[in-house]
1. Can we say residue 143 is at pLDDT below 85 and part of a helix (DSSP H, G or I)?
2. Please name all residue pairs, on different chains or six or more residues apart, with Cβ atoms under 7 Å, provided the first residue is in the stretch 9-30 and is over 20 Å from residue 193 (Cβ atoms) and aliphatic (A, V, I, L, M) and the second residue is modelled with pLDDT of 90 or more and in a helix (DSSP H, G or I).
3. Hey, which of the helices (runs of 4 or more DSSP H) in the stretch 220-306, taking only ones fully inside, have at least 3 residues that are in contact with a strand residue (DSSP E or B) (Cβ under 8 Å, 6 or more places away or on another chain), crowded, with 22+ Cβ neighbours inside 10 Å and touching a residue at least 24 places away in the same chain (Cβ under 8 Å)?
4. Name the residues in the stretch 166-188 that are free of Cβ contacts under 8 Å to residues at least 60 places away in the same chain, within 14 Å of residue 84 (Cα to Cα) and of a type outside the set (S, T, N, Q), would you?
5. Looking at the stretch 139-164, which of its residues are acidic (Asp, Glu) and closer than 13 Å to residue 127 by Cα?
6. Six or more apart or on different chains, Cβ under 9 Å: which pairs go from a residue in the stretch 130-154 that's without any contact (Cβ under 8 Å) to a residue 24 or more places away in the chain to one that's aromatic (Phe, Trp, Tyr)? Could you list them?
7. State the number of residues belonging to the stretch 52-85 that are outside any strand (DSSP E or B) and either farther than 23 Å from residue 168 by Cα or touching a residue at least 40 places away in the same chain (Cβ under 8 Å) (or both).
8. From the list 154, 169, exactly one residue is more than 24 Å from residue 50 (Cα to Cα), under 12 Å from the mean Cα position of the chain (by Cα), assigned to a loop (DSSP other than H, G, I, E, B) and not polar (S, T, N, Q). Which is it?
Amino acid sequence: MADEIFEGIATTRDVAFVVFPGFQIQDLSGPLSAFEIAGNLTTHSAYRCHVVSLTAGEVVSSAGLGVVTQKIRRKPFDTLIVVGGAVSAHPNELDPIADQLTLAALSGSRRIASVCTGAFILASAGLLDGRRATTHWKYTSHLRHQYPRVKVEGDRIFTKDGPIWTSAGVTAGIDLALAMIEEDLGSAVSHATAQMLVVYHRRPGGQSQFSALADMEPESDRIRDVLTYIREHLTEPLSTEQLAAIACLSPRQFGRTFLAETGETPAKAVERLRVEVARQRVESGGEPIEIIARTVGFLDPERMRRAFIRVTGHPPQSIRRMAVQDASSLNEAREQICADCA
């Protein structure tokens, strides 16, 4: 287990988590634990965590577990993170939170972030206008349609656009927190924090959410049939004309319909699905990259490399190297936990 104490900054950063009735408890507990552990790993406690709400007092989560909160104040926190939850269940409660976020941005909070559906509150505050953002894959189409000025990247684990960060659901909140910790304190502290949490250090923000495209639910059966066909025929050329024939539409009609129902062009969807399947094989063993490229439909390793960079932000070799390093660190942490418990 990581027990080294790192030299920290003299200033303690205040990190506030904004909750509301019906919030998702894991969207709070995961990233909060990451900042708490990182603070404990530094000689000068790097972080001081707060849980805040509009009303103060107890706020009950969707699981029925309540947390005691402070009243959100006008003085800006260094980092303000809105957790996810049932954002449509209490609209009267959430609009004032959006107003508070706008004030925080204007008054100097260094970073404002969201976990999962907390992105809807950031969008309501206007903080995502013209910015790249993500949320849980299940809600990306809703975010895109409800807030058309937001550049929704629905396949990302987390995004950073200037001082605004957004993440997908639950465990992606931990990835976001680890990335913030690395930005503040360096990779050594972030890595040690991940070891203490017994999680991978760390999935790159550009990595696709698991089954983000595979779990799409288009409105029409014909587009669902096309997605199924793509998944089952990745090694084929999968041209727009070929897929349009599956949908019984003209290529032009098919392209418009596919984009409207999935948020992706057919070519981009094919590429992302190929990368998703290839990534799992790249991370899981030592299979040659050349063989993986051919078996998922890329004509050669270079084309797969370029697709990986577009989709994940990293080439396959880097993805494999990170997977090996993270698996080693995770095993070390688990072995230490077993030794401590013996």
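1. So residue 143 fails the test.
2. Between residues of the stretch 9-30 that are over 20 Å from residue 193 (Cβ atoms) and aliphatic (A, V, I, L, M) and residues that are modelled with pLDDT of 90 or more and in a helix (DSSP H, G or I), the close pairs are 19/28.
3. Working: elements: 221-232, 240-247, 251-262, 266-284, 289-295.
Correct list: 266-284.
4. 168, 172
5. 161
6. If the second residue must be aromatic (Phe, Trp, Tyr), the pairs left are 139/120; 142/120.
7. Result for the stretch 52-85: 15.
8. Going through 154, 169 in turn, the sole match is 154.
The values are calculated or read from the model by the stated rules, or taken from the named source; none is laboratory data. Note that the structure is predicted; figures quoted are calculated from it, not measured. Heads up, the Cβs are rebuilt from the backbone with ideal geometry, glycines too, and the neighbour counts pull from every protein chain shown.
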